[in-house]
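Take a look at the structure below.
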Amino acid sequence: MGRRTALGLTTVGAAGAILGPGGDADAAAMTGPAIAGMIAVPGRVAGPTPLPVRRGYARGRFGQIHYRITKPAVETGKPPLVCFHLSPNSSRVYERFVGFMGADRVCIAPDTPGFGDSDAPAEPPHIRDYAGAMGDLIDAMGFGEVDVMGYHTGSETCVEIGHQRPDQIRRIVIVSAPIFTDEELDEFRNNYALLEPKADGSHMVEKWRAHQVWRMKGWTLDHLAYQINDAMRRPDISWWGHRAAFDYPFKDRLKSVNKPVLVLNPEDDLIQYTNRAKGLAEHVTVRDLPGWSHGFLDLKSAETVKMVRAHLDGEG
């Protein structure tokens with residue numbers, strides 16, 4: 001496994017094989033503004049949503065935390081769902097999902113400190129620091145009991161906040177389970193270190209090409225272009241999320257978190273590592289998603305929401 005693997009733990013969520021002729025047709029149909037009853041925001045490539053997705057800021061230990069949020073028209077009594085993104089990325093990956101999920105509960109997706117539009121820590125943080133900052137957001141929003149969802153690096157933040165706030169975190173959903181051997185971690189630390197900008201821009205070309213490897217069929221180059229800027233905004237610190245993830249004892253913490261955990265296992269760059277979560281503990285359920293990869297939160301928003309709701313509502 002070399003740099004070509006473009007770990008989603010560390011990438012923007014580029015997925016699948018590069019599209020052939022006609023491969024963009026389904027996605028074009030989904031992202032157009034003509035779908036009845038859907039809200040299409042000019043300039044947003046993720047696709048239309050049933051409800052508007054709004055943005056805001058809250059205060060945290062490292063400064064301002066930017067977030068995307070949708071609320072149901074009528075209070076349902078269901079716990080809010082807080083969604084943590086992969087790195088380097090932002091809450092943009094959840095933009096369409098939030099607009100679907102928020103129909104029956106508050107759904108909020110913050111930018112991890114140092115990513116998106118959230119302020120950065122003064123020094124490289126650990127997963128416990130990311131979890132603590134997300135706890136600050138939960139407090140600032142006035143939430144009581146909550147459910148959490150994470151994607152790659154965000155999966156680790158979910159598990160850690162479950163340990164930090166055992167009386168407040170109810171159920172957990174994670175996209176992939178980054179369970180690595182020591183040898184794999186050594187390789188990843190070497191491959192995903194500081195990104196050095198180059199005068200000819202080749203570092204950007206390398207990143208663009210790497211992100212195409214795992215695009216899900218139907219997730220277009222426009223989708224990729226819409227998100228990849230989040231991976232390139234702060235090259236001096238964009239590797240901090242990787243560093244934190246590779247230093248976190250995820251397997252042991254997942255095994256001991258003692259919360260119902262649904263692991264969504266798409267065929268992305270972490271599938272072989274996520275398979276190691278099968279049978280790990282009684283509270284961990286792994287659901288394979290054949291044919292899905294990075295971009296599924298845009299392309300399969302309604303289907304993903306159905307699975308997530310089943311878990312959070314105790315039906316799955």
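Annotations
- Matching option when the condition is exposed (fewer than 14 other Cβ atoms within 10 Å of the Cβ), modelled with pLDDT of 95 or more and either touching a Lys or Arg at 6+ places or on another chain (Cβ under 6 Å) or of a type outside the set (D, E, K, R) (or both), among Pro52, Pro33: Pro52
- The one condition from (1) surrounded by fewer than 24 Cβ atoms within 10 Å (Cβ to Cβ); (2) of a type in the set (S, T, N, Q); (3) outside any strand (DSSP E or B) that Gln64 does not meet is (3).
- Per-region count, the range 269-287, residues part of a helix (DSSP H, G or I) and among the basic types (Lys, Arg): 1
- No other residue among Asp136, Asp117, Asp147 is part of a helix (DSSP H, G or I) and either touching a helix residue (DSSP H, G or I) at 6+ places or on another chain (Cβ under 8 Å) or farther than 23 Å from Lys306 by Cα (or both) apart from Asp136.
- Unique residue being under 18 Å from Ala177 (Cα atoms), in contact (Cβ under 8 Å) with a residue 24 or more places away in the chain, touching a helix residue (DSSP H, G or I) at 6+ places or on another chain (Cβ under 7 Å) and aliphatic (A, V, I, L, M) when the list is Leu280, Leu270: Leu280
- Only listed residue being out of contact with any Gly (no Cβ under 8 Å at 6 or more places or on another chain) and either farther than 25 Å from Ile228 by Cα or assigned to a loop (DSSP other than H, G, I, E, B) (or both), chosen from Pro166, Pro125: Pro166
- Residue in the range 238-249 that is more than 17 Å from Leu86 (Cα to Cα) and either touching a strand residue (DSSP E or B) at 6+ places or on another chain (Cβ under 6 Å) or in contact (Cβ under 8 Å) with a residue 24 or more places away in the chain (or both) present: no
- Any hit, the range 106-115, residues being in contact with a Ser or Thr (Cβ under 6 Å, 6 or more places away or on another chain) and either polar (S, T, N, Q) or under 21 Å from Glu75 (Cβ atoms) (or both): yes
- Hits in the range 169-205 (condition: more than 23 Å from Lys255 (Cα to Cα), in contact (Cβ under 8 Å) with a residue 24 or more places away in the chain and not aromatic (Phe, Trp, Tyr)): Glu187, Arg189, Asn191, Ala193, Leu194, Leu195, Glu196, Pro197, His203, Met204
- Any hit, the range 232-244, residues being among the acidic types (Asp, Glu), assigned to a helix (DSSP H, G or I) and more than 17 Å from Tyr151 (Cα to Cα): no
The values are calculated or read from the model by the stated rules, or taken from the named source; none is laboratory data. All figures in this text were calculated on a predicted structure; none of them were measured in a lab. Ideal geometry is used to build each Cβ from the backbone, glycine not excepted, and the neighbour counts take in all protein chains shown.
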